[in-house]
Structures are given as structure tokens and as C-alpha cells.
Amino acid sequence: MSFDEFCRSAAAGAAGPPAGTGLALQALWHDALGDWDRAHACAQEEIGRDGAWVHAYLHRKEGDLDNAAYWYQRANRPVAAGALSQEWEGIVRALIR
């Protein structure tokens, strides 16, 4: 699956994330649809670094910067400071690879 296919899936309002996507990508798919709670639930279920990275992004988006910093540390990633949309795209592209 490409980045564009992933984005088209969310934009089309599909019934769910593309088949075969892991929980971290599922979280970002739900986030693209504005469903922060569902996105957060998926991120919490993903126990690895990918889930921690998405978890950090979601808490940053929420405005809970202390919690976000904790999750960036768990993901072994620097705390992001750029636009949320750029971070979302960067995470999706990294997870699709």
C-alpha cells in the first residue's frame, strides 16, 4: 500500500482501515477521520515503538505535551515541534515502508 492509497482510503470514508494495516497505522487512519478516541485506543493496543510514536503524536495533538514527551521517549524519538500534519504524514510514510 502506498501513502496515497492510505490517504484515499481515509478520505473515502471507508468502513475501516485498509486490510493488513497494523494498529499504529489504524490509529493514524482513525485520526485522519477525526476520531481521536478510536485512534488513541489503537495506539494503546500497539505495545511497540511504533505504537509509542503514534501515541506521542496523539497526545501532542491533544495538547498534553508532558504525556507526549513521555511517549516520544518510549518511542526513542525526539519530541516533535513541527506542524502536526507534517508529523502525521511522516509517521504514516515511515510505517508504510
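Odds and ends about this structure:
- The residue that is farthest from W29 (Cα to Cα), counting only those in the range 42-97 that are among the acidic types (D, E) and in a helix (DSSP H, G or I), is D66.
- Those residues of the range 59-97 which are of a type in the set (S, T, N, Q) and under 22 Å from E45 (Cβ atoms), in sequence order: N67, Q73, N76
- The range 32-45: number of residues that are touching a residue at least 24 places away in the same chain (Cβ under 8 Å) and either of a type in the set (A, V, I, L, M) or closer than 16 Å to I96 by Cα (or both): 1
- Test: residue in the range 30-41 that is assigned to a helix (DSSP H, G or I), surrounded by 13 or more Cβ atoms within 10 Å (Cβ to Cβ) and in contact with a Gly (Cβ under 8 Å, 6 or more places away or on another chain): no
- Counted residues, the range 58-97 - those being crowded, with 17+ Cβ neighbours inside 10 Å, free of Cβ contacts under 8 Å to residues at least 60 places away in the same chain and closer than 18 Å to F6 by Cα: 1
- When we screen G63, G82, G34 for residues that are over 26 Å from G20 (Cβ atoms), at pLDDT below 95 and not hydrophobic (A, V, I, L, M, F, W, C), the only hit is G82.
- The set of residues in the range 80-97 being within 16 Å of H59 (Cβ to Cβ) and of a type in the set (D, E, K, R) consists of E87 alone.
- Among the residues of the range 5-29, the ones that are assigned to a helix (DSSP H, G or I), of a type in the set (A, V, I, L, M, F, W, C) and either surrounded by 14 or more Cβ atoms within 10 Å (Cβ to Cβ) or touching a Phe, Trp or Tyr at 6+ places or on another chain (Cβ under 9 Å) (or both) come to 9 in all.
The values are calculated or read from the model by the stated rules, or taken from the named source; none is laboratory data. What you are looking at is a predicted structure, and each value in this text was computed from that prediction instead of being measured. Glycine gets a Cβ as well: all are built from the backbone with ideal geometry, and neighbour counts include every protein chain shown.
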